[in-house]
Amino acid sequence: MNKKNKYFLAIVGILVLNISTSHGAGLVPTPAGGDGNYQINDFIILAINISKWILGMVGSLSLIMFIYGGFTFLISGGASDKIQDAKKIIVAAVIGLIIVFTSFLIIRFVMGTLGIEWTGVLQTSK
């Protein structure tokens, strides 16, 4: 099995594991009446669920690459080119995590500004 197939199978495995262990009913919300009449709030919940899923996937892949970079660094055997490759992988993984956390904060900020909770429900002032 070549290297590309191994990466492809690893990514597919992560996707299947992530989808199968997702909490709640899934990405697409069930309409309140159960009759198929969706409202704008259901689309907001859908967008939030998709953003949670994407951020979770990117975060998971970044963590895997961080581990892979550390493992590459450990088995480099002192070869400077392998150490440089491992450092590049780790730096890219850290940048990926920073992007994920920044995206999460931006989404939360925009939703809070619009008065929407993380679950997609409008906040009510008491």
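The values are calculated or read from the model by the stated rules, or taken from the named source; none is laboratory data. Only a predicted model underlies this, so the values are computations on that prediction, with no experimental measurement involved. Virtual Cβ from ideal backbone geometry, glycine too; neighbours counted across all protein chains shown.
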Check: If Ile44 satisfies every condition in (1) under 27 Å from Gly13 (Cβ atoms); (2) in contact (Cβ under 8 Å) with a residue 40 or more places away in the chain but one, which is the exception?
Finding: (1)
Check: From the list Asn37, Asn41, which one is at pLDDT below 75 and either touching a His at 6+ places or on another chain (Cβ under 8 Å) or in a helix (DSSP H, G or I) (or both)?
Finding: Asn41
Notebook entry, point to check: Quick one: would you say Val91 is within 19 Å of the chain's Cα centre (by Cα) and either modelled with pLDDT of 75 or more or of a type outside the set (A, V, I, L, M, F, W, C) (or both)?
Noted result: yes
Next item on the list: Output yes when any residue across the range 118-125 is surrounded by fewer than 15 Cβ atoms within 10 Å (Cβ to Cβ), assigned to a helix (DSSP H, G or I) and either modelled with pLDDT under 80 or not basic (Lys, Arg) (or both), and no when none is.
Entry: no
Next item on the list: Consider Tyr68 carefully, then state whether it is modelled with pLDDT of 70 or more, surrounded by fewer than 11 Cβ atoms within 10 Å (Cβ to Cβ) and farther than 22 Å from Arg108 by Cα.
Entry: no
Margin query: Looking at the range 62-78, can you tell me whether even one residue there is touching a residue at least 60 places away in the same chain (Cβ under 8 Å), out of contact with any strand residue (DSSP E or B) (no Cβ under 9 Å at 6 or more places or on another chain) and not in a helix (DSSP H, G or I)?
Written below: no
Next item on the list: Give the number of residues within the range 36-65 that are β-branched (Val, Ile, Thr), buried (at least 16 other Cβ atoms within 10 Å of the Cβ) and out of contact with any helix residue (DSSP H, G or I) (no Cβ under 9 Å at 6 or more places or on another chain).
Entry: 1
Note to self: Return the residues of the range 99-117 that are exposed (fewer than 13 other Cβ atoms within 10 Å of the Cβ), among the hydrophobic types (A, V, I, L, M, F, W, C) and modelled with pLDDT under 85; say none if nothing qualifies.
What the structure shows: Leu114
